[in-house]
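Enquirer: Take a look at this one; I'll ask things after.
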Amino acid sequence: ADGSDVITRMKNIDVIEFGRYQIKPWYFSPYPEQLTRANVIFICEFCLKYIGSPSAFARHRDKCKLYHPPGNEIYRKGKLSFFEVDGRKNKIYCQNLCLLAKLFLDHKTLYYDTEPFLFYILTEFDNKGFHTVGYFSKEKESSEDYNVACILTLPPYQRKGYGKVLIEFSYVLSKFEGKLGSPEKPLSDLGLLSYRSYWSQAILEILSKYLDESNGSTPNITINEICDATSMRKEDVISTLQHLDLIRYYKGQYILTLSKDIIDGHCRSFSKRKVRIDSKCLIWTPKD
Ligand code: ACO
Ligand code: ZN
């Protein structure tokens, strides 16, 4: 790469206005160059159109009819909804979403080619509409059975548990498909923290229920049973059990160490997840 390439890849936008939030970008995103000279980029929070001038943006807001993401609302419980948006049918929206997401993602290649992906947008409802909280994308056909390509919680909504709501939803979709899923690698630092935390809690819940049901008799659960119960792939289950120090590799096989005290101790160390996905509120059938 020559010098100009290095310069254009530096963080190029000071601030974006998105709905009622002003947000400072973290990384470079390839918005058109004349736009990056504006002090603020205005992004319509519903159609994701980006505009450099305040007056042009005001005109757009007057005529923009959307008050929710395009696509189908496939889940609703309380204020939270998920919309499924097809990267082929709503190409511009999805490209704009990728541009927005790139502001907060360092390592992922941007997908101008949105057609092979579905986008699942998490929104929160109020009297003004369905406000975008975050999203994840997913390949329509993944040879590796990845259930997430890219995942993002918008900064004003981060660290409130929405990341785990997105992750849980991705596993509920895998469950409906009858598959075991895993996120595409590499994970960012924040991605790994969030997945670690989600995976640990998902597995601990299963183990804790299992211990309660086994009523003092020697518990006997296999890694495959944990995979089936969580829709997690085997290597993620094993790495999480190793991280929690609940598994030993001995004479060619994995041995789980299950004690109620240890499991309860781990369970207490995680903050209680208030918002959970309720599968009954998902209206969705996997394609083919
Ligand atoms: N510092 C320390 N811990 C953090 C931080 C942070 N900044 N952010 C989240 N965590 C931890 C939380 O403590 C929580 O764990 P806990 O419940 O055990 O305490 C866990 O991660 C999940 O927190 P949530 O509030 O559910 O997640 P959040 O809504 O903040 O979203 C996400 C997490 C999506 C990774 C967000 O940080 C983000 O959008 N980051 C930028 C984009 C990104 O890196 N995406 C992942 C790329 S990898 C991929 O796409 C497959
Ligand atoms: Zn709009």
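Enquirer: If the limit is 31 Å between Cα atoms, which of Lys140/Lys280; Lys11/Lys175; Lys63/Lys274; Lys63/Lys175; Lys63/Lys272; Lys49/Lys175 go over it? List each step's numbers first, then the result.
Expert: On the way: Lys140/Lys280 23 Å; Lys11/Lys175 39 Å; Lys63/Lys274 37 Å; Lys63/Lys175 40 Å; Lys63/Lys272 43 Å; Lys49/Lys175 34 Å.
Cα-Cα > 31 Å for Lys11/Lys175; Lys63/Lys274; Lys63/Lys175; Lys63/Lys272; Lys49/Lys175; rest within.
Enquirer: Between Asp145 and Leu66, what is the spin-label point distance in nm, taking each point 7 Å from the Cα along the Cα→C-beta axis?
Expert: 3.4 nm
Enquirer: Still on this structure: How large is the accessible surface of Glu144 in square angstrom, using a 1.4 angstrom probe and rounding to the nearest 10?
Expert: Glu144 has an accessible surface of roughly 100 Å² with all protein chains in place.
Enquirer: Keeping every protein chain in place, order Arg248, Arg20, Arg276 by accessible area at 1.4 Å, biggest value first, i.e. largest first.
Expert: Accessible-area ranking of Arg248, Arg20, Arg276, largest first: Arg20, Arg248, Arg276.
Enquirer: Here's another thing I want to ask about it. Grab the alpha carbons of the stretch 19-96, take their convex hull, and tell me the volume per residue in Å³.
Expert: Per-residue hull volume (Cα only) is 130 Å³.
Enquirer: Using only the alpha-carbon atoms, what does the chain span along each of its principal axes? Please give whole angstrom values in decreasing order.
Expert: Between the extreme Cα coordinates on each principal axis of the chain lie 71, 47, 38 Å.
Enquirer: Taking a probe of 1.4 angstrom, what is the accessible area of Ile255 in Å², to the nearest 10?
Expert: 70 Å²
Enquirer: Where the centre of each part is set by its Cα atoms, how far does the stretch 232-282 sit from the stretch 183-220, in angstrom?
Expert: 3 Å
Enquirer: Further question: Against the longest principal axis of the chain, how steep is helix 91-102, in degrees 0 to 90 to the nearest 10, with axes from Cα atoms?
Expert: Relative to the chain, helix 91-102 is tipped by roughly 70 degrees.
Enquirer: Follow-up question, since we're still on this one. Relative contact order for the stretch 87-198: what is it in percent, counting Cα pairs under 8 Å that are at least 6 residues apart?
Expert: 20 percent
Enquirer: May I ask you to give the solvent-accessible area per residue for the chain, in square angstrom, as obtained with a 1.4 angstrom probe?
Expert: Value returned for the chain: 54 Å² of accessible area per residue.
Enquirer: For Gln22 and Lys79, what does the FRET efficiency come to when R0 = 22 Å and r is the distance between their Cβ atoms, rounded to the nearest 0.05?
Expert: Computed FRET efficiency for Gln22 and Lys79: 0.45.
Enquirer: Continuing with this model, one more query. Considering only protein heavy atoms, with the full assembly of protein chains and a 1.4 angstrom probe, order Met10, Met232 by accessible area, largest first.
Expert: Sorted descending by solvent-accessible area, the residues read Met10, Met232.
Enquirer: Please report, in debye to the nearest 20, how large the charge dipole of the chain is about its Cα centre when each Lys and Arg carries +1 at its beta carbon and each Asp and Glu carries -1 there.
Expert: 880 debye
Enquirer: Let me ask another. How far apart, in nm, are the 7 Å Cα→Cβ label points at Asp261 and Leu187?
Expert: 3.0 nm
Enquirer: Still on this structure, please answer the following. Label-point separation (nm) for Lys49 and Asn220, each offset 7 Å from Cα along Cα-to-Cβ?
Expert: 6.5 nm
Enquirer: Enter the angle in degrees (range 0 to 90, nearest 10) between the Cα long axis of helix 189-214 and the first principal axis of the Cα atoms of the chain, meaning the one along which they spread out most.
Expert: 30 degrees
Enquirer: Tell me the carbon and sulfur percent of the accessible area for the chain, rounded to whole percent, probe radius 1.4 Å.
Expert: Heavy-atom surface of the chain belonging to carbon and sulfur, 1.4 Å probe: 51 percent.
Enquirer: Using r as the Cβ-Cβ distance of Asp212 and Lys234, and R0 as 30 Å, what FRET efficiency do you calculate, to the nearest 0.05?
Expert: 0.75
Enquirer: What are the ³J(HN,Hα) values, in whole Hz, obtained from phi via the Karplus relation 6.51 cos²θ - 1.76 cosθ + 1.60 with θ = phi - 60°, for each residue of the stretch 272-285 in sequence order, with x given for Gly and Pro?
Expert: Residue by residue, the stretch 272-285 yields 5, 8, 6, 9, 10, 6, 10, 3, 5, 8, 8, 10, 6, 10 Hz.
Enquirer: Next up: Can you tell me the 0 to 90 degree angle between the C-alpha axis of helix 54-63 and the longest principal axis of the chain, rounded to 10?
Expert: Between helix and principal axis, roughly 70 degrees.
Enquirer: How high is the FRET efficiency between Asp278 and Asn39 when r is their beta carbon distance and R₀ equals 35 Å, given to the nearest 0.05?
Expert: Once the sixth-power term is evaluated, E becomes 0.25.
The values are calculated or read from the model by the stated rules, or taken from the named source; none is laboratory data. Values in this document were obtained by computation on a predicted structure and should not be read as measured data. Glycine also receives a Cβ, built like all others from the backbone with ideal geometry; neighbour counts cover every protein chain displayed. Keep in mind that these areas ignore ligands, DNA and RNA; they rest on the heavy atoms of the full protein, side chains included. Shrake-Rupley method; radii C 1.70, N 1.55, O 1.52, S 1.80 Å.
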